[in-house]
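Since the structure comes first, as structure tokens, the remarks are kept for the end.
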Amino acid sequence: MKIAVNAMLLRQPYSGVEVAIHNLIKAVAAQAPQWEFLAAVPADFAASTDMPGNISLHRAPGWTRDRAGRIVWEQLAFPGVLRRQKVSLLHAPGYVMPLRWRGPTVLSVYDITALTHPQWCKPANVWHYRLMLPRSVRRADRVLVPSEYVGNELVNVPGVDRDKIRVVALGIDAVFRRIEDATVLAGVRRKYGLPKEYLLCVGNITPRKNIEGVVELFEHLVPDLPHHLAVVGAKPHKRRDVLRRIEGSPVCERIHMLGYVPAEDLAALYSGAGACLHLAHYEGFGLTPLEAMACGTPVVVSTGGALPEVAGPGALTIHAVDAEAVKLVKRVLSDFEYRGKLVERGRAHAAGFTWSAAAQKVISVYREVVAERG
């Protein structure tokens, strides 16, 4: 069987969706060595050395580097590539599928924020996904979602059949494991200009991630704690209001904007942090809290979207930035018995999220669709 995967979103630096696509392709191909995989990638895609040998790459033309070119190629040219390559099934892991393709298709949808909360999205994303996402969901044979929360949202889209939705939780990259070496931790702190005591927030600087809420919580914590706050994530080209809120904080000298951080450094930053704060307004899944748990870091999450479902018993969940939340976070940082129990629960919980387990479920869905379509 020959499986095609639309991996045109794989451009560095990766955020959550790109991480999911990259790791899932590798895991599925590794567990199905008897199948051929064709991955459609950008012209400048740098193939990693850990890609299984049964994955071949189809590089799109250079004119697809911008968003408009990519969309045109996916919708008009990619179906012809699939037919010429005689693929058995297409996996479209990035919200939309080429509507001119009539073969068996599995679609991945990580959230429907562009439909439900357009104010948190780029206008181009809102336009594209409002036009294409509902049609893609109705056309696909199966739709993979990372959480029950997203599945329940998706059935509210007109014409969507609940029976074809499958929940496949995402996995945690193996790099995210506890680092105990004090020399390594100190070296990473020096690299990013951090003191020994710090809190960590990981997420692109966008309205949906609610970095402002994290800063507000930190401001309440600062009078009684020595910690600084490290914020990891790409800075926006627009939405300067988020950055102005951070820069205007009365404790801005204790807030460190680190920008993009490679995974190896991020694992060390998680491991050395007093806690990881993830107070997003909405998440369709939320890899960050699980990565932090896998590194043995206490995690504090909001009730945004699927976060309570995904973080489960491994995290402290707060409903708002209020006096009670401040009290609970201070306890995480000062009560070592309570902190230890939270860390233990987090590690045990995170251990259940692997790319191997996700790949097994996806392969099962592939077989189901191909058998159904003959």
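The values are calculated or read from the model by the stated rules, or taken from the named source; none is laboratory data. As the structure is a prediction and not an experimental result, all values here were calculated from the model. In this analysis, Cβ positions are derived from the backbone assuming ideal geometry, glycine residues included, and neighbour counts consider all displayed protein chains.
Give me the pairs: first residue in region 159-170 and closer than 24 Å to S356 by Cβ, second residue in a loop (DSSP other than H, G, I, E, B) and among the aliphatic types (A, V, I, L, M), beta-carbon distance under 8 Å, and six or more apart or on different chains, which are they?
I165/V155
In region 160-169, is there at least one residue being surrounded by fewer than 18 Cβ atoms within 10 Å (Cβ to Cβ), at pLDDT 95 or above and among the hydrophobic types (A, V, I, L, M, F, W, C)?
yes
If I ask for residues that are at pLDDT 95 or above, assigned to a loop (DSSP other than H, G, I, E, B) and aliphatic (A, V, I, L, M), which ones from region 225-279 would you list?
Hits for region 225-279 are A273, A275, L279.
Hey, among the residues in region 273-313 that are crowded, with 24+ Cβ neighbours inside 10 Å and acidic (D, E), which one's nearest to V332 (Cα to Cα)?
Among them, the one singled out is E291.
Among the residues of region 334-369, what is the count of those that are touching a strand residue (DSSP E or B) at 6+ places or on another chain (Cβ under 8 Å) and either assigned by TED's automatic domain parsing to the domain that holds S302 or under 16 Å from L217 (Cβ atoms) (or both)?
2
Would you pick out the residues in region 134-152 that are under 21 Å from P118 (Cα atoms) and either among the polar types (S, T, N, Q) or buried (at least 21 other Cβ atoms within 10 Å of the Cβ) (or both)?
Answer for region 134-152, where residues must be under 21 Å from P118 (Cα atoms) and either among the polar types (S, T, N, Q) or buried (at least 21 other Cβ atoms within 10 Å of the Cβ) (or both): S136, V137, V145, P146, S147, Y149, V150, N152.
If I172 passes every condition in (1) of a type outside the set (D, E, K, R); (2) surrounded by 15 or more Cβ atoms within 10 Å (Cβ to Cβ); (3) part of a helix (DSSP H, G or I) but one, which one does it miss?
With (1) of a type outside the set (D, E, K, R); (2) surrounded by 15 or more Cβ atoms within 10 Å (Cβ to Cβ); (3) part of a helix (DSSP H, G or I) applied to I172, the lone miss is (3).
Would you call D322 surrounded by fewer than 23 Cβ atoms within 10 Å (Cβ to Cβ) and more than 18 Å from L279 (Cβ to Cβ)?
So D322 does not fit the description; no.
Inspect all residues belonging to region 292-310 and state whether any of them is under 19 Å from V19 (Cβ atoms) and without any contact (Cβ under 8 Å) to a residue 24 or more places away in the chain.
yes
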